[in-house]
Amino acid sequence: MDTPGNLKTSISELDLDRPNIEDYLPSGTSIQEPLDKLSLRDLLDISPTLTEAAGAIVDDSFTRCFKSNPPEPWNWNVYLFPLWCCGVVIRYGILFPRQLLHWVLVLAIGWIIFLSSYIPVHLLLKGHDKLRKKIERSLVEVICMFFVASWTGVVKYHGPRPSRRPKQVFVANHTSMIDFIVLEQMTPFAVIMQKHPGWVGLLQSTILESVGCIWFHRSEAKDREIVAKKLRDHVQGADNNPLLIFPEGTCVNNHYTVMFKKGAFELDSTVCPIAIKYNKIFVDAFWNSRKQSFTTHLLQLMTSWAVVCDVWYLEPQNLRPGETPIEFAERVRDIISARAGLKKVPWDGYLKYSRPSPKHRERKQQSFAESVLRSLEEK
């Protein structure tokens, strides 16, 4: 539960992000001025609930966290439009077929090398677990490199490369599932991730098991206790791969950070922040899982000009005396947001997957009814 200090901080952040309804109302008359007809100003004056609802319609800071933001159009005048048309012909008529051939060849070569090595190692070295896991980890790094190459990926890493130590956990902001691939090509992380269906789920249950990844089902409450125990056991092992967690719990569009879940900050371990920032000039790397499959998302990346991003390995952080896990999580979120230039918003990312509870709706309805009755009694 939030402390009063955190609550005040969240409320202040929310107030700063809330639009001023006055800016969107017709000018020329004050709210107190009597009008012949009922206007929007009168309706908003009846109840704060209506004002809050209108503010959400005008500028919903929660929805904005999970929306793709298309680039600003630049072909808006007479002399730029012909250049844009030429660019379309060159890109889709000449460059696109070459790009298509490029990523098909890169992925085909990558999978041939990977599978021709991984399958024999997995089957023939079952009695030598330490050696087998070491080779499999290296092969997973290799296939991730081929994936990044297929996107024409340009990734710049800042800071010291992560090392394998006990009692440490890495946390990063989350834009897409490719975050894992971008980080995995440098270090064989064990990631905690939602279990996916299809070919992604097949990779999770076979290949990614070799790096010690932990899976969960978002809809199953029992999984939380099981996953929490697996996390505690994993960080204690000196030979385990570094544990990577995306504490937002969902993909956010690389302009904002939503609230961090406190699970990664309750493990009595050193937390190593990682900040990831994608350059949107070339492609929007945000994966909107509600509107497109991961396969479609990959095709979008592979047919783009390039995937350009920066990755910062930041200074490790520890829980301070008297600091709660929630305060610790917010402090780490501050560090990541500042480094990647992301805006903090006081929202729980899981609200993206759930509807408001009936009790919450009933409280809002009751509050609205009471305000309307008070307004009628006064008149």
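The values are calculated or read from the model by the stated rules, or taken from the named source; none is laboratory data. Bear in mind that the values here come from a model prediction, so they are computed numbers and not experimental data. All Cβ positions, glycine included, derive from the backbone under ideal geometry; neighbour counts span all protein chains shown.
In region 282-309, what residues are modelled with pLDDT under 85, surrounded by 18 or more Cβ atoms within 10 Å (Cβ to Cβ) and β-branched (Val, Ile, Thr)?
Val283 - this is the single residue of region 282-309 that is modelled with pLDDT under 85, surrounded by 18 or more Cβ atoms within 10 Å (Cβ to Cβ) and β-branched (Val, Ile, Thr).
Look through Ser163, Ser138 and report the one residue that is modelled with pLDDT of 85 or more and among the hydroxyl-bearing types (Ser, Thr, Tyr). Break it down stepwise before answering.
Working: Ser163 fails: modelled with pLDDT of 85 or more.
The match here is Ser138.
If only one of Ile181, Ile119 is among the β-branched types (Val, Ile, Thr) and surrounded by 13 or more Cβ atoms within 10 Å (Cβ to Cβ), which one is it? Spell out the reasoning first.
Working: Ile119 fails: surrounded by 13 or more Cβ atoms within 10 Å (Cβ to Cβ).
Being among the β-branched types (Val, Ile, Thr) and surrounded by 13 or more Cβ atoms within 10 Å (Cβ to Cβ) holds for just one of Ile181, Ile119, which is Ile181.
Just checking, does region 122-138 include any residue being surrounded by 15 or more Cβ atoms within 10 Å (Cβ to Cβ) and small (Gly, Ala, Ser)?
Checked region 122-138: no residue is surrounded by 15 or more Cβ atoms within 10 Å (Cβ to Cβ) and small (Gly, Ala, Ser).
Can you find, within region 91-111, the residue that is modelled with the highest pLDDT among those that are surrounded by fewer than 11 Cβ atoms within 10 Å (Cβ to Cβ) and within 15 Å of Ser150 (Cβ to Cβ)?
The qualifying residue modelled with the highest pLDDT is Leu101.
Return yes or no: is Val332 among the β-branched types (Val, Ile, Thr) and not in a helix (DSSP H, G or I)? Can you show your working first?
On the way: among the β-branched types (Val, Ile, Thr): yes; not in a helix (DSSP H, G or I): no.
Criteria not met by Val332.
Please work out if Val148 is among the aliphatic types (A, V, I, L, M), assigned to a helix (DSSP H, G or I) and modelled with pLDDT of 85 or more. Give the derivation first.
Numbers: among the aliphatic types (A, V, I, L, M): yes; assigned to a helix (DSSP H, G or I): yes; modelled with pLDDT of 85 or more: yes.
Judged against the criteria, Val148 is a match.
Restricting attention to region 65-90, which residues are modelled with pLDDT of 70 or more and within 25 Å of Asn288 (Cα to Cα)?
Cys65, Lys67, Ser68, listed by residue number.
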